[in-house]
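Structure first, then comments.
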Amino acid sequence: MDLNDDALGILGLNYASRAGGPGELNMHPICGVRIQSLERNLAEITGRKFHQYVPPTVSEPLRYLVPIESRMDWILTREDPETNDEVIADILASLNAYGLPYMRKRVTLETMSQALVAKEGHRWQTVFRAPVALWLLNRHEEALSAMEVQLAEIGSQENAAYDNYRAFSAALKRRIAESAAQP
């Protein structure tokens, strides 16, 4: 759903296929927010094709947005459609009470950057997105610092993911230098 001109709210209807008994489906909805300008710039920097909806910039399982005392397993069954209606109603109520406020709190580049710097979402996505958000906000030193922390952590370790991060970091550093040189 459109949250504003630059932000999408995303609901992923994930489920655990191996949890529960025969005929049961354990639902794990995911709430996400996608900042299009950030994702478009990230795609450009990494040389990937921009996708309109995937992935969210940050996301959290709806279950973890619900207060602990109110959490429940959302299990749909073949045998009991009336219970399924109650489960779906609870998912929708939780989405309205906790998921939508989570989304609405992250709809600007500034609020999203705060979430990314606080390391919300999936770590390996966050290390790419936080510096891009900071760069787009003209917080160049913070963007450079965030990348240096990650580069120091991976050190000289070699694998495809680390090599991708190094290439991304070099490309973003060039863009930061170019934007800093502009009047």
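Only the coordinates and a few stated rules stand behind these numbers; no lab work does. Note that the structure is a prediction, hence the values are computed from the model and not measured. So basically every Cβ, Gly included, is an ideal-geometry build from the backbone, and we count neighbours across all protein chains shown.
One table, with the values for the structure above:
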| read-out | value |
| --- | --- |
| Candidates per GluC sites (Glu not before Pro) in the range 132-175, loop by DSSP, up to 15 other Cβ within 10 Å | Glu158 |
| Extent along principal axes [Cα atoms of the chain; Å; largest to smallest] | 64, 37, 31 |
| Loop trypsin sites (Lys or Arg not before Pro), the range 1-100, which have at most 13 other Cβ atoms in a 10 Å radius of their Cβ (DSSP) | Arg18, Arg48, Lys49, Arg71, Arg78 |
| Global geometry of the range 87-183, whether rounded, prolate or oblate, following the gyration tensor of its Cα atoms and the 1.5 cut on a/c | oblate |
| Under 15 Å, Cβ to Cβ, from Trp135 - net charge with Lys/Arg +1 and Asp/Glu -1 | -1 |
| For the range 137-183, alpha-carbon Rg and Dmax in angstrom | 11.8, 39 |
| Pairwise centroid distance, computed over Cα atoms, of the range 1-79 with the range 113-155, Å | 21 |
| Relative contact order [Cα under 8 Å, 6+ residues apart], the chain, whole percent | 20 |
| Neighbour-limited loop hits for GluC sites (Glu not before Pro), the range 70-135 (at most 16 other Cβ within 10 Å; DSSP other than H, G, I, E, B) | Glu79 |
| Sites Thr111 and Asp80, calculated FRET efficiency, Cβ-Cβ separation with R0 45 Å, nearest 0.05 | 0.65 |
